[in-house]
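Asker: Quick one: the structure is below, and I'll ask about it shortly.
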Amino acid sequence: MKAYCKLFACSVLYFVFNGTNSYAQQSSKLSDPEIASVAVTANQIDIDAAKLAKEKSKDQDIIKFAETMINDHQAVINQAVALVKKLNVTPKDNATSQKMSADAANTKKILQSKSGKDFNKAYIDNEVAYHKAVIDAVQNVLIPQAQNAELKQLLQDIMPALKTHLEHAEMIQKNFQ
Amino acid sequence: MIKLNRDVKNYVILLSLLFFNNCNFDVQKDHPKLYVIEIKQMQFQPALLKVHAGDTIEWVNHDFVTHDVTEETNKDWSSSPLAAGTSWRMVINKNTDYYCSIHQVMKGKLVIDR
């Protein structure tokens, strides 16, 4: 796996598990509004990567996968938005979601610099790494830390989709070994 | 009035039971059934289903993402996209491997029980 994919995956895991000292958070534990913001951000990041893939790739497997990522992650965002409206909660931007966005922007620059088969491989490698990191974060941090039962249930409900995305990405990744 | 002895009566009863048992079996074959496969948690549930030729299968999407149901080997048929909460039916006449062409790792199998 390319170094920048590992770096991005590690930074997702690091900042979800530990928060960031530079923002002097009192606790690394995330509140429900912060968890909602992290969940929406994580989905939006994959939508943005998929839109780039649809622009740059000519490989049908990559394009179809990217379309699925856009549709599925938007469906998750819609579910999350509906829930926070129902609970009258405002997603709270936080150090974790900000760092995720910053790292995603760096990854996007790297992907934009590539083309052809190099881009296809880089994109799908990143998708595998990213989904592994998000699955780990949701399973081991967001779900245990969520206080509201409906938020916890939503996070549990999205796990099968995340795992299927990972399995699908790994299947496509074999074509670019 | 003809009096039937006990052996003859038993023989008639036995023949009648055998006859009606066969009739019931034929009736079951002639009336196709409807089976429901739930699309839930990114799986076809049940993933393997044994049916009879002529039975109808209904796939119901209980997930919040869109799926489809597509014949896997030759792409002979497809449901086209099934949004959350929607369903699609098809009559099955042969063994079939199918999948979701949107989430290609989701697979199912229909086996004709002869």
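Asker: When only residues in region B:21-65 that are acidic (Asp, Glu) and at pLDDT below 95 count, which is nearest to residue B:80 (Cα to Cα)?
Answerer: B:30
Asker: Can you find even one residue in region A:74-90 that is open to solvent by less than 10 Å² (accessible area, probe 1.4 Å), touching a residue at least 40 places away in the same chain (Cβ under 8 Å) and not hydroxyl-bearing (Ser, Thr, Tyr)?
Answerer: Looking for residues that are open to solvent by less than 10 Å² (accessible area, probe 1.4 Å), touching a residue at least 40 places away in the same chain (Cβ under 8 Å) and not hydroxyl-bearing (Ser, Thr, Tyr), one finds none in region A:74-90, hence no.
Asker: Related question: Taking region B:55-67 only, how many residues are of a type outside the set (A, V, I, L, M, F, W, C) and in contact with a His (Cβ under 9 Å, 6 or more places away or on another chain)?
Answerer: Number satisfying all stated conditions: 2.
Asker: Among the residues of region A:70-78, is any in a helix (DSSP H, G or I), away from chain B (no Cβ under 14 Å), in contact with a helix residue (DSSP H, G or I) (Cβ under 8 Å, 6 or more places away or on another chain) and modelled with pLDDT of 95 or more?
Answerer: Checking region A:70-78: not a single residue is in a helix (DSSP H, G or I), away from chain B (no Cβ under 14 Å), in contact with a helix residue (DSSP H, G or I) (Cβ under 8 Å, 6 or more places away or on another chain) and modelled with pLDDT of 95 or more.
Asker: Here's something else I'd like to know. Can you find even one residue in region B:64-81 that is touching a residue at least 40 places away in the same chain (Cβ under 8 Å) and within 30 Å of residue A:83 (Cβ to Cβ)?
Answerer: No.
Asker: Would you confirm, using the coordinates I've provided, whether residue A:150 is among the charged types (D, E, K, R) and open to solvent by less than 20 Å² (accessible area, probe 1.4 Å)?
Answerer: No.
Asker: Would region B:83-91 turn up any residue that is more than 14 Å from chain A (Cβ to nearest Cβ), modelled with pLDDT of 95 or more, under 26 Å from residue A:81 (Cα atoms) and under 18 Å from the mean Cα position of the chain (by Cα)?
Answerer: Looking for residues that are more than 14 Å from chain A (Cβ to nearest Cβ), modelled with pLDDT of 95 or more, under 26 Å from residue A:81 (Cα atoms) and under 18 Å from the mean Cα position of the chain (by Cα), one finds at least one in region B:83-91, hence yes.
Asker: Still on this structure: Name the pairs whose Cβ atoms lie under 6 Å apart, with the first residue in region A:156-174 and more than 7 Å from every other protein chain (Cβ to nearest Cβ), the second of a type in the set (D, E, K, R) and assigned to a helix (DSSP H, G or I), and 6 or more positions between them or separate chains?
Answerer: As it stands, the answer is A:169/A:127; A:172/A:61, since those pairs meet every condition given.
Asker: What residue, of A:108, A:152, is farther than 23 Å from residue B:104 by Cβ, of a type outside the set (Asp, Glu) and without any contact (Cβ under 8 Å) to a residue 60 or more places away in the chain?
Answerer: Being farther than 23 Å from residue B:104 by Cβ, of a type outside the set (Asp, Glu) and without any contact (Cβ under 8 Å) to a residue 60 or more places away in the chain holds for just one of A:108, A:152, which is A:152.
Asker: Residue A:104 fails exactly one of the following numbered conditions: (1) open to solvent by 10 Å² or more (accessible area, probe 1.4 Å); (2) of a type in the set (A, V, I, L, M); (3) within 14 Å of another protein chain (Cβ to nearest Cβ). What is the number of that condition?
Answerer: (3)
Asker: For residue A:36, are the conditions met, namely being within 14 Å of chain B (Cβ to nearest Cβ) and either open to solvent by 10 Å² or more (accessible area, probe 1.4 Å) or in a helix (DSSP H, G or I) (or both)?
Answerer: Spelling it out, it is not the case that residue A:36 is within 14 Å of chain B (Cβ to nearest Cβ) and either open to solvent by 10 Å² or more (accessible area, probe 1.4 Å) or in a helix (DSSP H, G or I) (or both).
Asker: Now, a different point. Is at least one residue of region A:119-130 open to solvent by 50 Å² or more (accessible area, probe 1.4 Å) and closer than 18 Å to residue A:165 by Cα?
Answerer: Checked against the condition, which is being open to solvent by 50 Å² or more (accessible area, probe 1.4 Å) and closer than 18 Å to residue A:165 by Cα, region A:119-130 yields at least one hit.
Asker: In region B:92-104, how many residues are assigned to a strand (DSSP E or B) and more than 14 Å from chain A (Cβ to nearest Cβ)?
Answerer: 4
The values are calculated or read from the model by the stated rules, or taken from the named source; none is laboratory data. Computed from a prediction, not measured in an experiment: that's the story for all the values here. Positions of Cβ are generated from backbone atoms using ideal geometry, with glycine treated the same way; all protein chains shown enter the neighbour counts. The area values use the complete protein model at the heavy-atom level, side chains included, leaving out ligands, DNA and RNA. Shrake-Rupley method; radii C 1.70, N 1.55, O 1.52, S 1.80 Å.
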